[in-house]
Amino acid sequence: MTAPSNAIQSTLVENRVFPPSDATVAAARVAGMAGYEALCAEAENDYEGFWARLARENVVWNKPFTQTLDQSDAPFFKWFQDGELNASANCLDKHIGTPTENKTAIIFEADGGEVTKVTYKELLAKVSQFANVLKSKGVQKGDRVVLYMPMTIEGVIAMQACARIGATHSVVFGGFSSKALHERIQDAGAVAVVTANYQMRGGKELPLKSIVDEALAMGGCDSAKSVIVFQRTPTAVNMVAGRDTFMHEEMAAQSTECAPEFVGAEHPLFVLYTSGSTGKPKGVQHSTGGYLLWAKLTMDWTFDLKDSDVFWCTADIGWITGHSYVAYGPLAAGATQIIFEGVPTFPKADRFWTMIEKHKCTIFYTAPTAIRSLIKAADSDASVHPDRSDLSSLRILGSVGEPINPEAWMWYYKNVGGERCPIVDTFWQTETGGHMITPLPGATPLVPGSCTLPLPGITTAIVDETGQDVPNGSGGILVVKKPWPSMIRTIWGDPERFKKSYFPEELKGYYLAGDGAVRSEDRGYFRITGRIDDVLNVSGHRMGTMEIESALVAKSDIVAEAAVVGRPDDLTGEAIVAFVVLKGPVPTGDDAKALANELRNWVGKEIGPIAKPKEIRFGENLPKTRSGKIMRRLLRGIAKGETLTQDTSTLENPHILEQLARTN
Ligand code: PRX
């Protein structure tokens, strides 16, 4: 781990400040900076007491915990360890017998615009039925179930049903390839796979079940005995007798009651694979108690959730945002939430705005990439501009997944929020389980492009390579100094990698986030400067450069070597650029184009379309040091189109740079 020059950088010169209105402050759960500071002080004065209070107030325990934090086996921290609970009971049963039971839990709008609604009571019945289906398939507490599902109510039902019986789910994003799915089913040792026949995206029917079939046919997945298929569209798919069954048929045969299985607070609620600096994705393991506490509490704090709110997080359940702010947080908090299937640009690029108007959405949470693409669409077609829709129901906006540039922030603030709605720019990660650094809508003065301040109890800091704090204004490495309840517990099946990746010795036991950051000199506000490891953020999706490199060299009939770097991109935040050395001669002209296309498609097949490089350059070699190390710093410069002014004195083969730059 190093803090490269781009992390040690000047501060952002951003003087615009947007404090919350007096009315917003007066009505907020955490009211004003005084409210925020009081919570921070409580955490500082009695860290464990603070978390214990919140855990008692926000989580329903079947058996109360007596110990808050166990640090004896650090960094394998344990929270609320002797407490027992069930995550699904905390999201559903808790509301039964209260006015929330008949409240709409989910408003689902399908790709084609059809709307389905379920109340909390109805959702509980469906989750219970599906939990019984899983049990009938022999799925037991502690077993892993892989979900490869579209964005539908059924996806949430499947997650909640796993939680209900104490099975650990592992959701794989529906855009991943059969190979990526295979790797995850195998690594998790899944006993069952839940999928759909197809998913709908932009008016197109895209396969899911046939990809599951391909993945299982790759072998080594003997643990996976059953495949349960949600019939999303009427189109028939191949069903393997004795292994595959339909979700609706199975559910119809089951009772709508299923007692929740109570589990220890540390029981793994889910494993979610994400990219790291090596080729193999990491199975990020989360707990039940600490995770759920934070999913619920951040709904209240960050989104200032009220009973009357209609919450909409646009993330897919295949990502952590869809776990914490679709499948668990909103339900635990008793919110009405919108779930949408499809893409923001279909049938037109006003889908978000028309849906906000139609469903009277009050809190809208999306990614900067989506905002940037909708700005572009609105600039070229006034009919999809947000000003064509009535967005007056909105009261809070959110951003997640990547840095939001001040221009996009201002557009969002003005055109979507009507200069009325605070924007919560939430910095967090798959590993953190929930928000870490974010404004509070009724407290924090906003600065465009800054995620502002850590939540109460979250001890983020910026340090140098030896773990020493750096002064405000100087960039450095983002760490979290103390454990917090919703943190990653381990990497599934690889505790050593967990320790090495997140708690490197030089950093004094601090959690290493993998991002560079800088605090402003005036307010101490955090601004994230980007990853400091070999992880890219493309359209808010996390991709490991080595993962893409491994995919490229796996095309061993033509590829000898590959190096992948990121390049800033106006639309997608970062774009993937691959430098490839072929086994044959360096191609030019149409040959180069055809080969680049072939390799792009290959990567799409190996990992998924999101991993396809935007640009592929060919050379007879890669720039290397005399000891044979690829100099990525130089490749990043070439990818950006920078002139080669960097120091190349340690380079074995300087002429290669010109060759790679020329193919620009
Ligand atoms: O680089 C940071 C960026 O996304 C990374 C985490 O990606 P992932 O685990 O896929 O989770 C995304 C959704 C939480 C971080 O290491 N990131 C996330 N949110 C922000 C961000 N960068 C800047 N500002 C944010 N608000």
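The values are calculated or read from the model by the stated rules, or taken from the named source; none is laboratory data. Everything quoted here is computed from the prediction, not taken from an experiment. Positions of Cβ are generated from backbone atoms using ideal geometry, with glycine treated the same way; all protein chains shown enter the neighbour counts. Heavy atoms of the whole protein, side chains included, go into the accessibility calculation; ligands, DNA and RNA do not. Shrake-Rupley method; radii C 1.70, N 1.55, O 1.52, S 1.80 Å.
Structure data summary
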read-out: Helical mean residue ellipticity (222 nm; -39500 (n - 2.57) per DSSP H run of 4+; nearest 500) of the chain; value: -8500 deg cm²/dmol
read-out: Helix runs (DSSP H) in the chain reaching 27 Å along axis by Cα, Kyte-Doolittle at least 0.0; value: none
read-out: Accessible-area ranking of 85, 582, largest first, probe 1.4 Å; value: 582, 85
read-out: Prolate/oblate/rounded call for the range 216-354, Cα gyration tensor, a/c under 1.5 rounded; value: rounded
read-out: Length-normalised contact order of the range 264-415 in % [C-alpha pairs under 8 Å, at least 6 apart]; value: 18 percent
read-out: Solvent-accessible ranking of 109, 574, largest area first, probe 1.4 Å; value: 574, 109
read-out: The range 506-574 - convex hull of the alpha-carbon atoms, volume per residue in Å³; value: 142 Å³
read-out: Rounded to 5, percent antiparallel among DSSP beta bridges of the chain; value: 60 percent
read-out: Cβ-based charge dipole, the chain, positive-most Cα from 467, 430, 223; value: 223
read-out: Label point distance in nm, residue 22-residue 210, each placed 7 Å from Cα along Cα→Cβ; value: 6.4 nm
read-out: Residue-by-residue Karplus 3J(HN,Hα) for the range 339-350, coefficients 6.51, -1.76, 1.60, Hz, glycine and proline x; value: 10, 10, 10, x, 10, x, 9, 10, x, 9, 6, 10
read-out: Relative contact order (percent, whole number), the chain, Cα cutoff 8 Å, 6+ residue spacing; value: 15 percent
read-out: With all protein chains modelled, accessible area of residue 179 [1.4 Å, Å²]; value: 90 Å²
read-out: 5 angstrom amide H check on residue 652, placed H, neighbours 5+ away; value: 624, 625, 626
read-out: Pairwise FRET efficiency - residue 601 versus residue 659, Cβ, R0 = 22 Å, nearest 0.05; value: 0.30
read-out: Share antiparallel - DSSP beta bridges, the range 264-381, percent rounded to 5; value: 45 percent
read-out: Highest-first arrangement of 247-253, 346-352, where packing means the average Cβ count within 10 Å; value: 346-352, 247-253
read-out: Solvent-accessible area per residue for the chain (1.4 angstrom probe, square angstrom); value: 37 Å²
read-out: Three-way shape call for the chain based on the alpha-carbon gyration tensor, with the a/c threshold at 1.5; value: rounded
read-out: Restricting the range 102-135 to trypsin sites (Lys or Arg not before Pro) in coil, as DSSP defines it, with at most 15 other Cβ within 10 Å; value: 103
read-out: Over 18 Å (Cα to Cα) - which of 94/117; 555/583; 280/605; 103/306 fall in this group; value: 94/117
read-out: Sequence-distant residues sharing a close amide H with residue 305 (under 5 Å, placed H); value: 300
read-out: Surface accessible to a 1.4 Å probe, residue 520 within the full protein complex, Å²; value: 30 Å²
read-out: Sequence of 462, 610 when ordered by accessible area, the most exposed leading, probe 1.4 angstrom; value: 610, 462
read-out: With all protein chains modelled, accessible area of residue 549 [1.4 Å, Å²]; value: 20 Å²
read-out: Distance in nm between pseudo-label sites at residue 76 and residue 141 (7 Å out along the Cβ direction from Cα); value: 2.0 nm
